[in-house]
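Engineer: Shown below is the structure under consideration.
The values are calculated or read from the model by the stated rules, or taken from the named source; none is laboratory data. This one's a predicted model, so the numbers in the text were calculated from it and none came from an experiment. Heads up, the Cβs are rebuilt from the backbone with ideal geometry, glycines too, and the neighbour counts pull from every protein chain shown. Please note that ligands, DNA and RNA were not included when accessible areas were found on the heavy atoms of the full protein model with its side chains. Shrake-Rupley method; radii C 1.70, N 1.55, O 1.52, S 1.80 Å.
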Amino acid sequence: MRPATVAKNLGALVVAVVFVFPVYWMFSSALKPSGQILSKDPVFVFTPTLDNFTKATGVDLFWTYVTNSLVVTVGAVALALVVALAASFAIARMKFKGRKGLVLGVMMAQMAPWEVMVIAMYMIARDAEMLNSLPLLTAIYFVMVLPFTIWTLRGFIAAVPVTLEEAAQIDGCTRGQAFRKVIFPLLAPGLMSTSLFGFITAWNEFAMVLILNKDKTAQTLPLWLTQFQTAFGNDWGATMAASSLFAVPVLVIFVFLQRKAVGGMTAGAVKG
């Protein structure tokens, strides 16, 4: 093997270890007894225990947090996909006044840090008496993931040859039927990648729910992760167990959609 190839492989291995090791340490710490988590010397061989997971899931309203997170995340992603399909099709296929401005607006919205709008959103929600509201939180997450969804799906629709759509219309399909029967089936990679990105964004969001939803019955899992801090310090075992459980849905979805999602993120970013 050539020295250059060996060097590249070693470099890739080092990068992989740097990224994978924190995940391994999180999962392994979740399975360690409390005394071994804070030991001076790292412990790599230990007898696994599920005590930390029992403590993490024994928090009051745990299943309420889970249900709220699933409702808000799935709702936001589903709404974003529906709206983005129509918007991206219009941007990619139709010529209309203000089209370039719309594309620029989508890009600017994607780059904007949503945290700077927390105070304004809080004041609007307070005046509208919508604090501690899951529908409002869903709407906010929907707006957060929408720009990326539109931009990615636009690339996929633009990459589908117009001749396929025209051929379907010649065969008797309306424009809507041509989209549903020809274009939509070809968008699977784009739908997968945007769904994954939207799920991760909404699932991990912390600041919005912290400010807008003070009622514990309207909070989501990111705030559940903060409940293992006491006046005497952090319960690192429970924290690591909770973090592991929090990461599992995203890891499962990514593994399930990996091939289509990676291809979708790459192709949607460069085509069109």
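Engineer: If you scan region 99-126, which residues turn out to be open to solvent by 50 Å² or more (accessible area, probe 1.4 Å), part of a helix (DSSP H, G or I) and within 12 Å of MET144 (Cβ to Cβ)?
Structural biologist: GLN110, GLU115, MET117
Engineer: For region 79-95, name all the residues that are open to solvent by 50 Å² or more (accessible area, probe 1.4 Å) and either without any contact (Cβ under 8 Å) to a residue 40 or more places away in the chain or among the basic types (Lys, Arg) (or both).
Structural biologist: VAL82, ALA86, MET94, LYS95
Engineer: I need the full set of residues from region 141-182 which are surrounded by fewer than 21 Cβ atoms within 10 Å (Cβ to Cβ), assigned to a helix (DSSP H, G or I) and among the β-branched types (Val, Ile, Thr), in order please.
Structural biologist: VAL143, VAL162, THR163, ILE170, VAL182
Engineer: Based on this model, can you work out whether PRO185 counts as part of a helix (DSSP H, G or I) and under 18 Å from the mean Cα position of the chain (by Cα)?
Structural biologist: no
Engineer: Something else now. Cβ-Cβ below 9 Å, separation at least six or inter-chain, first residue in region 96-122 and farther than 17 Å from ALA207 by Cβ, second in a loop (DSSP other than H, G, I, E, B): which pairs?
Structural biologist: Matching pairs, first to second residue: LEU102/PHE96.
Engineer: Please go through region 22-57 and pick out each residue that is open to solvent by 90 Å² or more (accessible area, probe 1.4 Å), among the hydrophobic types (A, V, I, L, M, F, W, C) and at pLDDT 90 or above.
Structural biologist: Passing the criteria: only LEU50.
Engineer: Does THR201 count as assigned to a helix (DSSP H, G or I) and surrounded by 15 or more Cβ atoms within 10 Å (Cβ to Cβ)?
Structural biologist: For THR201, the condition - assigned to a helix (DSSP H, G or I) and surrounded by 15 or more Cβ atoms within 10 Å (Cβ to Cβ) - is met.
Engineer: Next up: Please tell me if VAL15 is open to solvent by 60 Å² or more (accessible area, probe 1.4 Å) and under 30 Å from ASN234 (Cβ atoms).
Structural biologist: yes
Engineer: Of the conditions (1) closer than 30 Å to LEU153 by Cα; (2) within 24 Å of the chain's Cα centre (by Cα), GLY176 clears all except one; give me its number.
Structural biologist: (2)
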